[in-house]
Amino acid sequence: MFKQISNELLNFIKNSPSCYHAIDNMKQILDENGFCEVVEGKNWTIKEGGKYYVIRNNSSLIAFKIPNKDFKGFNIVSSHSDSPTFKIKENHEIEVDKKMVKLNVEKYGGMIFSTWFDRPLSVAGKIVVREGNKFVSKLVNIDRDLVIIPNLAIHFNRNINDGYKYNAQNDMLPLFGDINAKGRLMSLVAQNAGVCEKDILGSDLFLYNRMSGSIWGADEEFISSPKLDDLQCAFSSLKGFLAGENKDTVQVCVVFDNEEVGSLTKQGAESTFLSDTLKRINNTMGRDEQDFYKATANSFMISADNAHAVHPNYAQKSDPTNRPYMNEGIVIKFNANQKYTTDSVSAAIFKSLCEEVDVPYQVFTNRSDMAGGSTLGNISNSQVSLNSVDIGLAQLAMHSSYETGGIKDTYYLVKVIENFYNSSIIQEDCGVLSINK
C-alpha cells in the first residue's frame, strides 16, 4: 500500500510541472468524482449534498462538500501549489558572442541554487491570449528537455568546493540553444498551446526539473522527487477529502498559491479567497451572519506543509529533543513566536485524530538559536480565525529542486485526513471541544 500510493503521488507530481498544472490536475480529479465548478464572478447555486469547487487565478483552488443547510461548522485542510523555481522574465533572451542564447530568469522563492545545475529543465506555466474581445488563460508545458544551467568547470574556479556565493543574475541563467534559437522560445510556447504567437499578450512561465521521481533505499523506504514541498500534502489532502464524509460539517479542501513568496497575493493564504468562499457558502445556503460566526467557532483547520527531518549529515541542526524522522509519522509543528498556529488545544485534537486510526505522529520545533519559516495557518487566520494546527511530512533537502521523503508518510497523511473529514469538531463551551462522528 505504501508503494502504490507513493507511485500515485509521483505520477501526480509529474503531471504538475507548475502551480497552474497542479490545480488543473486536481480539477480533473474533482470532475471525475462528480464535483461541479462554481465561478467567483457569477451567482452560485449550491444544494444540500452537493459537491463543488472554485478556482482563483488558475493557481488556487477550494473544493467543498455541503452536507445540509443546518451544518455546524467547516472542516478545512490547506496546502499550497507553488514551489521555489525560476520565472522567465519579459524580454527574456540574452545573446552570447553571437553564438549562443540564454534565458533571463529571476528566482521565485528561496531555492537551493546548486541543485538546479547540470540537469535537464523545461518550461511550464500559463499564457494569456487574445480571442476576439476576450483574454483567455491557457496552460503551457514544453514536455521535453529544453534548457540546462551549466556549472562552471572547476578549472575556472578552483575554490568552488570551499564555498561559493551564487549570483542569481550571473550564475543561474539557463542555456537555451545556439544562435539559431534566437527568437524561438515564444514560438515554441505558442505551438505548445495551439495559438498564434502574435496573440500572446502575457505569460507566467517557470523552469521545472525534468528528473522523474524515484522510490529508493535498501528496502525502498524513501521517495525523491521535485516539488514534494508541498504537492505531497496537496495530493494527500485531496485523497483524504474525496474519501471522507460527515453529516455535520462542510468539508473544505484548500490549495493556495504563493506560499513560497509570502502569500500576499489575491490567490495566497493572506487573501480573502477562503473567507469569501466560506461566507458565500453560508449565505447561499440561506443562513445569516450569526450562523456564520457560530460555524467558524465550530470549525477546525489542518494547515499541511512539509517539515524538516533530522538530516543524517547535519543531525546537530535539529532540536535536541524534538527530532522528526522520515517514515515515523506526521509531524506536528510548534513555535513559541507563533510562526505556526499549533497550540495545546489544536495539538490535542490532532493527536486524537491520529490515534483513532493508528497513525503515528511526532513533533518539530526549531533549535532555540535558529530562526524558522512560517506557513499557511497563521497567515490564513488573519482573514478567518479558526482553531488550527500546523502539520507536515518529514523530508530532507527542502527547497532543493529534488527533495526526499519517506515512503510511508503519504499513506499516513491520507489516512488521518480522511478521519478528520469523517469527524466534526464542536465547541461545547469556552475551552471545551468535542470530536463527533
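No lab work stands behind these numbers, since they all come straight from the coordinates. Quick caveat, the model's predicted, so the values are computed rather than measured. In this analysis, Cβ positions are derived from the backbone assuming ideal geometry, glycine residues included, and neighbour counts consider all displayed protein chains.
Going by neighbour counts of Cβ atoms within 10 Å, the residues HIS399, HIS21, HIS311 line up, fewest first, as HIS311, HIS399, HIS21.
Here the dipole of the range 85-209 is about 140 debye; that uses its Cα centre as origin and unit charges on the Cβ of Lys and Arg (positive) and Asp and Glu (negative).
With the simple model of a label 7 Å out from the Cα in the direction of the Cβ, LEU264 to SER382 spans 0.8 nm. Taking all C-alpha pairs of the range 85-209, those more than 18 Å from each other amount to 56 percent. Ranking ALA371, VAL147, PHE35 by Cα position along the charge dipole of the chain, where only Lys, Arg, Asp and Glu carry charges on their C-beta atoms, puts VAL147 farthest toward the positive end.
Spin-label pair LYS351-GLU131: with each label point 7 Å from Cα along the Cα-Cβ axis, the two points sit 5.4 nm from one another.
Summarising the overall dimensions of the chain from its C-alpha atoms, the Rg and Dmax are 22.5, 73 angstrom.
If I take all pairs of Cα atoms in the range 36-153, what percentage of them are more than 23 Å from each other? Before the final figure, lay out each step's value.
Working: 3739 of 6903 pairs.
Summing the P(r) tail past 23 Å for the range 36-153 gives 54 percent.
What the phi angles of the range 300-313 give under the Karplus curve with 6.51, -1.76 and 1.60, with θ = phi - 60°, is a coupling list of 8, 10, 9, 8, 10, 8, 4, 10, 7, 7, 4, 8, x, 9 Hz, glycine and proline written as x.
Dipole check for the range 285-437: with +1 at the C-beta of Lys and Arg, -1 at the C-beta of Asp and Glu, and the Cα centre as origin, the magnitude is about 360 Debye. Ranking of SER400, SER16 by neighbouring Cβ atoms within 10 Å, starting from the fewest: SER400, SER16. Once the C-beta distance of LYS279 and GLU428 is scaled by a Förster radius of 25 Å, the resulting FRET efficiency is 0.50 to the nearest 0.05. For the range 226-252, backbone nitrogen atoms closer than 14 Å to the point 7 Å from ASN436 Cα along Cα-to-C-beta are found at 246-250.
Note on ASN68 and GLN338: the extension gain reaches 93.7 nm, defined as 0.36 nm multiplied by sequence separation minus the Cα-Cα distance. Summarising the amide proton neighbourhood of PHE176: residues at separation of 5 or more, or on other chains, whose placed amide H is nearer than 5 Å comprise VAL101, LYS102, LEU103. Distance from the Cα centroid of the range 232-288 to that of the range 371-405 is 16 Å (rounded to whole angstrom).
Note on TYR325 and LEU152: the extension gain reaches 58.8 nm, defined as 0.36 nm multiplied by sequence separation minus the Cα-Cα distance.
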